[in-house]
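**Q** Below is one structure. I have some questions about it.
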Amino acid sequence: MSEQTKYDSKRQFLWRNLLRGGAFLALFIAVFIFFKKKVDVEYITWLEPVYSRPVLMFLIYTASEVLFGIIPPEIFMVWALNQGDMATYVSIVALLLFISYGAGWLAYSVGKRSHHTSWYRYLKRKYFSKYEIYLNEFGSFLIIVASVTPLPFAGVCMLVGAANYKTSRFLLYSLFRVVRFIVYASIIWEANTL
């Protein structure tokens, strides 16, 4: 495969996943705005027992991120909107980012230490096989794509750890997670003002 073909393949992979992420974000924002403007009742009243307890929200988010991002971070960004002013929102989003990055690091470490276990082989066969193909094709670029798109960040981190990728490279490339959080948090903040 020529260098140009590899580059084109990487670019297509990135754009395809960015478009999926953009479509998901657009749908999420549309639903958020709809509920905010059109639903007569307070749209999060039924969630109040959970939403009113920040420690519980952070525990749920942490569990979600460790378990391969079951709940999208955008839901927690919307929760952060209701916690105070812009400075509070930025602080909470920064903490969410730190938790997500830490969950990725944890998954990477688990993958690095458990890649020979039957538990990991089961996860790889059941959930990671598609991403292993991407890892073989794209290498470290997969970390960047998983950091900025809806690909399961923690799952990719575990796979990369199991592949024994260099830790410093992993930590550097996974910093692209910051870009996703800044962009998404900014869009959600703006959508809240509509």
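**Q** Treating the angle as unsigned and between 0 and 90°, give the value, to the nearest 10°, between the Cα long axis of helix 153-162 and the longest Cα principal axis of the chain.
**A** 20
**Q** I'd like the Karplus ³J(HN,Hα) series for region 123-134: coefficients 6.51, -1.76, 1.60, θ = phi - 60°, whole numbers in Hz, and an x wherever there's a Gly or Pro.
**A** 4, 4, 5, 7, 10, 9, 4, 4, 6, 5, 4, 4
**Q** For the chain, what does -39500 (n - 2.57) per DSSP helix run (n ≥ 4), summed and divided by total residues, give at 222 nm, in deg cm²/dmol to the nearest 500?
**A** Result for the chain: -24500 deg cm²/dmol, rounded to the nearest 500.
**Q** Still on this structure, please answer the following. Arg113 versus Tyr51, label points 7 Å from Cα toward the beta carbon: distance in nm?
**A** The two pseudo-label positions are separated by 3.8 nm.
**Q** Rank-order 66-72, 183-189, 15-21 by packing density, defined as the average count of other C-beta atoms within 10 Å over each peptide's residues, highest first.
**A** Going from most to least packed, we get 183-189, 66-72, 15-21.
**Q** Here is a follow-up. Quick one: helix 54-66 against the long Cα principal axis of the chain, what's the angle to the nearest 10°, folded into 0 to 90?
**A** 20
**Q** Kirkwood Rh over Cα pairs of region 3-193 into Stokes-Einstein at 25 °C, 0.890 mPa s: D in µm²/s?
**A** Result for D is 139 µm²/s.
**Q** Positive end of the charge dipole of the chain (Lys, Arg +1 and Asp, Glu -1 on Cβ, about the Cα centre): tell me which of Leu25, Thr5, Asn82 has its Cα farthest that way.
**A** Ranked along the dipole, the leading option is Thr5.
**Q** Next question. On a 0 to 90 degree scale, rounded to 10, what angle separates helix 86-114 from the longest Cα axis of the chain?
**A** Once rounded, the angle reads 30 degrees.
**Q** Please get the size of the charge dipole for the chain, origin at its Cα centre, with Cβ charges of +1 on Lys and Arg and -1 on Asp and Glu, quoted in debye to the nearest 20.
**A** 820
Taken together, the values in this text are just the output of simple stated rules run on the coordinates, not laboratory data. Fair warning: this is a prediction, and the values are worked out from it, not measured in the lab. Every residue, glycine among them, receives a Cβ derived from its backbone with ideal geometry; neighbour counts consider all protein chains shown.
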